[in-house]
Structures are given as structure tokens and as C-alpha cells.
1. Whether any residue in the stretch 118-137 is assigned to a helix (DSSP H, G or I), more than 14 Å from the chain's Cα centre (by Cα), of a type in the set (Phe, Trp, Tyr) and within 20 Å of TYR30 (Cβ to Cβ) is what I want to check.
2. Determine which single condition ILE6 fails, assuming it passes every other condition in (1) of a type outside the set (S, T, N, Q); (2) out of contact with any Asp or Glu (no Cβ under 7 Å at 6 or more places or on another chain); (3) in a strand (DSSP E or B).
3. If I ask for residues that are surrounded by fewer than 11 Cβ atoms within 10 Å (Cβ to Cβ) and outside any helix (DSSP H, G or I), which ones from the stretch 52-80 would you list?
4. Scan the stretch 81-118 for residues that are of a type in the set (D, E, K, R) and surrounded by 15 or more Cβ atoms within 10 Å (Cβ to Cβ) and jot them down.
5. Within the stretch 89-116, track down each residue that is in a loop (DSSP other than H, G, I, E, B) and more than 30 Å from ALA61 (Cβ to Cβ).
6. On the given criteria, is GLU33 touching a Phe, Trp or Tyr at 6+ places or on another chain (Cβ under 8 Å), acidic (Asp, Glu), within 20 Å of LYS99 (Cα to Cα) and surrounded by 14 or more Cβ atoms within 10 Å (Cβ to Cβ)?
7. LYS37 fails exactly one of the following numbered conditions: (1) assigned to a helix (DSSP H, G or I); (2) in contact with a Lys or Arg (Cβ under 7 Å, 6 or more places away or on another chain); (3) not polar (S, T, N, Q). What is the number of that condition?
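Just so it is clear, none of the values below were taken in a lab; they were calculated from the coordinates. Keep in mind it's a predicted model, so treat the numbers as computed, not measured. We place every Cβ from the backbone using ideal geometry, glycine too, and count neighbours over all the protein chains shown.
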Amino acid sequence: MSASSIIHLNKGGYLDAPEEYDQLGDTLPYIIEMLDKLATQIGVQPPRTFVFEDPQQLEEAEEGELSPELQERLETQREWSDVGEGLATFEALLEHFRKLTPKEQAELCKSTYRQVPPESVLYELEAFVSALEEAQGDSFRIEFTS
């Protein structure tokens, strides 16, 4: 099963990939755990902070049987986050990832679901930074789709 992510703006609509990028969000679901760990290491909010999971859809998908971990995640999630907060996180992650040696990048990427290559991680981080720069002054959330 493939997954993707979209950026939903509170003022309405969804962010498209910036002009210089073909796509936005196709890699994030596969690298979010690695990025969350990296964010914690460098002292910024984990990207999962900005992910919104629809409780009703999850309950239907799980046939009403939510695990305690999932239930806690739903209870503590934010519906909307300031674009500036998300931009700060993705800029810091991009800056840090760029400073890593190719070997360090490759090692980090081994821990991702489907072993996403470093070039794809960089592309995704760059696309998120560019998209969020365009949406400053709004609030947003990231939604995963399948």
C-alpha cells in the first residue's frame, strides 16, 4: 500500500507542490519516524507534531478498537499549527541533513520504511520548506492519505 501526505491550510485549501518541485508529500509517511528522531536530537519539534489524524476515520479503520498508543496520540494532537512553527522544524531538519556526510545520510536512511534514499529525503525537506514559506501567516496541518 502506498501513502502520501498533504498540507491542509486552515484558511482553506491545500498546498500544492511549489513550482520548482514535481511533487510534495509522497515521501514523508516513509521518513517521518526518522525525522522525528532527528528533530528530537537537534532540539526542534518533531514533524509528527503537525500531523492530524481524523479520529472518526481511524475508529472506522480500526473497527472501534484503538490501541492505547493511538488513543493517546489522538487525544494530544493539535488540529492546527502555526506555519512558522512547521517552517522552523523543516528548515532545521533540512539544514542539519545537508551538513551530514553522505555516509551519515545513508546510515540514517537505512532506518526509514522502504529505505528511502538520501536524495529523496532532501527533496522532500526542500519541498516542504518551499511550500510552507508560501503559506506564512496561516495555520496548517499535515494529513496522511493512502
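1. At the first step, the residues of the stretch 118-137 found to be assigned to a helix (DSSP H, G or I) are 118-134.
Filter again for more than 14 Å from the chain's Cα centre (by Cα), leaving 118-119, 133-134.
In the following step, the residues that additionally are of a type in the set (Phe, Trp, Tyr) were identified as none.
No, the stretch 118-137 contains no residue that is assigned to a helix (DSSP H, G or I), more than 14 Å from the chain's Cα centre (by Cα), of a type in the set (Phe, Trp, Tyr) and within 20 Å of TYR30 (Cβ to Cβ).
2. (2)
3. Taking the stretch 52-80 first, the residues surrounded by fewer than 11 Cβ atoms within 10 Å (Cβ to Cβ) are 56-57, 60, 63-65, 67-69, 75-76, 79.
Answer for the stretch 52-80, where residues must be surrounded by fewer than 11 Cβ atoms within 10 Å (Cβ to Cβ) and outside any helix (DSSP H, G or I): GLU63, GLY64, GLU65, SER67, GLU79.
4. Here is the first cut: in the stretch 81-118, the ones of a type in the set (D, E, K, R) are 82, 85, 91, 95, 98-99, 103-104, 107, 110, 114.
ASP82, GLU85, GLU91, listed by residue number.
5. Applying the first criterion (in a loop (DSSP other than H, G, I, E, B)) to the stretch 89-116 yields 100-101, 110-116.
Scanning the stretch 89-116 gives LEU100, THR101.
6. yes
7. All conditions are met except number (2).
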